[in-house]
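Worksheet: one structure, shown below.
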Amino acid sequence: MIKKIFKALLNLILFPFRFILKFMISLLKRLKFSIAFKISASYFLIYIVIIMIVAVTTSVGYLVYEFEKFETETISKDVDEIIQEFPNFNYIGRSVKSVEIYDSNLDPVYPSNNQERYSDNIIVIIEELIYNKEYIYSTSFYKDNSEYYLNVTYNAESIIRDAARISLLVMVSGAFGLLIFIPIVSRTGYRMIGPIKNMTEITKTITVNNINTRLDIKGTQDELKELSQTFNEMMDRIEEGYKTQQQFVSDASHELRTPIAVIKGYVNMLDRWGKNDRAVLEESITAIKNETENMQDLIEKLLFIARSDKSSLIYTKEDFKISAILNEIEKETKMIDSKHKLYFQFYDDANIYADKNRVKQAIRILIDNAIKFTPFDGYIMVSGFIQDDFYVIKVEDTGIGIEKKDLEKIFDRLYRAEQSRSKEIGGHGLGLSIAKIIVLGHKGKIKVKSTVGKGSEFSIMLPYINT
Ligand code: ADP
């Protein structure tokens, strides 16, 4: 019960303090101090501290110097006289306030009614100096084979007053210096922070419509310039990515426009004549079927790429022997292509950890291309072997080949080399982009070598676990 009352009372007493503390903290949080202000404030504080230190050290230095001088010039003489005349002495120096002599037991000898105690402790001496403006000198001496202790107290008012004056002088000059210091520091602070404000303003205005806006990186080399440079480089990458995306959307729309236009044409034809004309009906249905299949294929490929961009592409990886899919591919290819001379040669086998269907899809893309771009009776050779840390699947053909200028672009989305853009060959220029996405998704590599008119050689390299 008492505990509870005590707690309640304590809470009641502490309430105003807590309230003020909370209020101060929330106020400080709400106040928005600019960095320039914070820099100026810290410099201001450092300046004040330095001035204080200078004031204190100069006055302390003055005190030490004056007391040393006083000791050699006055005190030593006074003390000599006192010791000589002891025990019956009349000598009292000019600024001496009092003389106290104690015996070896520290009992007062002179004056006999002395109430004071012998002091030789530096803290007591400083205390006396500060509070009573008195300087106590302490020493011991021998007289008639007995040891005595002596305290001579001096009036130190004038020395302390002078020291205080010196302190004041330093502080006043410091205050004058502040009048020059504040504007310089605040101007420097604002000049240093100015570029940040500028950067904030420019950054606020950047949208997709002016994505080519960049920060001004003129001026001296410093962290802010580095920041602006880094920001500009980041914007370059974003702009490039944005442009590629835009190009991709526009190319994809273009690709979709053709089949839609074809379908529309056939639907119109059907509408006009096809209802009663069986030949027109059949031709239209076949064409529409082909075009919708074509469109479906394109949309599926686009969706695959979009999923990969969003990083929502999921690979269901498992541990399996690569020969399993290579044999399947061999069988399927021989079934669908009888126009080329096909060779399959798998030298090694290995266990790989991968998405079976996706890896098969990637290899199929290379083989489909070899079939597409190799004239009838040409050779297509698919081989599999281990090379260093990779299992290599190589697809070689004796087809039309790829020009040097196209070689680096064929993995780009919707890119098709000039000579392969015929309607008969078909394709949307997405196959190799998809194969590349799959291979990179398995930490593998995809490579190409080609000579126009002679043929091409594509290799997929996948890391393997064991043989
Ligand atoms: P596509 O659907 O057009 O085949 P790809 O991305 O698979 O798209 O291929 C891109 C381009 O690369 C093709 O249009 C073609 O110009 C070229 N290419 C790919 N494979 C071969 C090959 N084996 N021989 C010649 N050119 C090829």
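Annotations for the structure displayed:
- The set of residues from segment 151-184 being modelled with pLDDT of 90 or more, among the aromatic types (Phe, Trp, Tyr) and open to solvent by less than 60 Å² (accessible area, probe 1.4 Å) comprises just one member, TYR154.
- Identity of the residue in segment 263-318, aromatic (Phe, Trp, Tyr) and buried (at least 16 other Cβ atoms within 10 Å of the Cβ), that ends up farthest from TYR464 (Cα to Cα): TYR266
- Among residues that are open to solvent by 40 Å² or more (accessible area, probe 1.4 Å), of a type in the set (D, E, K, R) and out of contact with any Leu (no Cβ under 8 Å at 6 or more places or on another chain), LYS339 is included.
- Residues of segment 259-275 that turn out to be over 12 Å from ILE288 (Cα atoms) and touching an Asp or Glu at 6+ places or on another chain (Cβ under 6 Å), as a count: 0
- Given (1) without any contact (Cβ under 8 Å) to a residue 24 or more places away in the chain; (2) not assigned by TED's automatic domain parsing to the domain that holds SER250, index of the condition ALA279 fails: (2)
- Those residues of segment 11-51 which are under 35 Å from the mean Cα position of the chain (by Cα) and more than 30 Å from VAL172 (Cα to Cα), in sequence order: LEU21, LYS22, PHE23, MET24, ILE25, SER26, LEU27, LEU28, LYS29, ARG30, LEU31, LYS32
- Selection within segment 307-317 - out of contact with any strand residue (DSSP E or B) (no Cβ under 7 Å at 6 or more places or on another chain) and charged (D, E, K, R): ARG307, ASP309, LYS310
- Candidates ASP355, ASP389, ASP397, ASP349: the one that is modelled with pLDDT of 95 or more, more than 8 Å from the ligand (Cβ to nearest atom) and out of contact with any Phe, Trp or Tyr (no Cβ under 6 Å at 6 or more places or on another chain) is ASP349.
- For segment 369-385, a residue qualifies if it is in contact with a Phe, Trp or Tyr (Cβ under 9 Å, 6 or more places away or on another chain) and away from the ligand (no atom under 11 Å from the Cβ), and the qualifying residues are TYR379, MET381, VAL382, SER383, GLY384, PHE385.
- Subset of segment 420-443 (residues that are in contact with a Phe, Trp or Tyr (Cβ under 7 Å, 6 or more places away or on another chain), at pLDDT 75 or above and not charged (D, E, K, R)): GLY429, LEU432, SER433, ILE434, GLY441
- Check on LEU366, within 15 Å of the ligand (Cβ to nearest atom), surrounded by 14 or more Cβ atoms within 10 Å (Cβ to Cβ), assigned to a strand (DSSP E or B) and hydrophobic (A, V, I, L, M, F, W, C): no
- Considering only residues in segment 409-467 that are touching a Leu at 6+ places or on another chain (Cβ under 6 Å), assigned to a loop (DSSP other than H, G, I, E, B) and hydrophobic (A, V, I, L, M, F, W, C), the one that is least open to solvent (accessible area, probe 1.4 Å) turns out to be ILE410.
- Annotation note: of ILE325, ILE314, ILE329, ILE305, the sole residue that is closer than 22 Å to ILE437 by Cα and outside any helix (DSSP H, G or I) is ILE314.
- Residues that are of a type in the set (D, E, K, R) and open to solvent by less than 80 Å² (accessible area, probe 1.4 Å) within segment 233-258 comprise ASP236, GLU239, ASP251, GLU255, listed in sequence order.
- Single match in ASP388, ASP377 (criterion: closer than 14 Å to ILE460 by Cα and exposed (fewer than 15 other Cβ atoms within 10 Å of the Cβ)): ASP388
The values are calculated or read from the model by the stated rules, or taken from the named source; none is laboratory data. Predicted model, so just to flag it, every value in this text is computed and none were measured. Quick reminder, even Gly has a Cβ in these numbers, built from the backbone with ideal geometry, and neighbours come from all protein chains shown. With ligands, DNA and RNA removed, areas are computed over all heavy atoms of the protein, side chains included. Shrake-Rupley method; radii C 1.70, N 1.55, O 1.52, S 1.80 Å.
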